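Here the structure comes first, spelled out in structure tokens, and everything after it is commentary.
The values are calculated or read from the model by the stated rules, or taken from the named source; none is laboratory data. This is a predicted model, so every value here is computed, not measured. FYI the Cβ positions are ideal-geometry reconstructions off the backbone, even for glycines, and counts take in every protein chain you see. Heads up: the accessible areas ignore ligands, DNA and RNA and are worked out on the full protein's heavy atoms, side chains in. Shrake-Rupley method; radii C 1.70, N 1.55, O 1.52, S 1.80 Å.
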Amino acid sequence: MTSIDPSPRAAARAEVVDAPTMLRAAGLRVTTQRSAVLDVLRQSAHVAVDELHERVHEQIPGIALQTVHGIVNDITAAGIAQRVSLPGASSSLYELARGDNHHHVQCVVCGRVEDVDCVVGEAPCLAPNHNHDMRILEASVTFRGICADCE
Ligand SMILES: [Zn+2]
Ligand SMILES: [Zn+2]
């Protein structure tokens, strides 16, 4: 066994480690297919499963959409990737988990999505007026706007 930190936080270092290292750190078996999916996510954030499949398909022609769905579920459950659900989006988007509680800004015209840093310091970064007796872990904020190209 390696001494790599197995916690999901290990994924915060995703930018500097390769896909097999990320998989091993999360306790997942390293496969060519999983590595290919992770490589696409390392290159671009906020990718829908359909697009992930399209891009992985260029390297692994036989891979089925259902396989990509399975991989995305596995790596999300393992904390390597996270699901980004945006209001009005027809499908969920995925990105590497960075453990930084970042938020998103979305163009209401073309749908482009970008990361924005945590609004105030660290998670949850926004506190509700009334917490209904829940201990608040995080706030997920989507800013909606119009990008310069669409303006
Ligand atoms: Zn736009
Ligand atoms: Zn993001």
Answer yes or no as to whether SER90 is among the hydroxyl-bearing types (Ser, Thr, Tyr) and assigned by TED's automatic domain parsing to the domain that holds LEU38. yes
Can you tell me which residue within the range 73-114, out of those that are away from ligand 1 (no atom under 16 Å from the Cβ) and part of a strand (DSSP E or B), is surrounded by the fewest Cβ atoms within 10 Å (Cβ to Cβ)? ARG83
Please give the number of the condition HIS69 fails out of (1) in a loop (DSSP other than H, G, I, E, B); (2) at pLDDT 90 or above; (3) closer than 21 Å to ARG42 by Cα. (1)
Out of the residues in the range 102-127 that are among the charged types (D, E, K, R) and more than 10 Å from ligand 2 (Cβ to nearest atom), which is nearest to PRO87 (Cα to Cα)? ARG112
Can you tell me which residues in the range 129-151 are more than 16 Å from ligand 1 (Cβ to nearest atom) and open to solvent by 100 Å² or more (accessible area, probe 1.4 Å)? ASN129, HIS130, HIS132, ASP133, MET134, ARG135, LEU137, GLU138, SER140
Starting from the range 71-98, keep only residues that are charged (D, E, K, R), then list their pairs with residues that are within 15 Å of ligand 2 (Cβ to nearest atom) and part of a loop (DSSP other than H, G, I, E, B) whose Cβ atoms are within a distance under 8 Å, requiring at least 6 positions of separation or different chains. ARG83/SER92; GLU95/ALA45; GLU95/HIS46; ARG98/ALA14
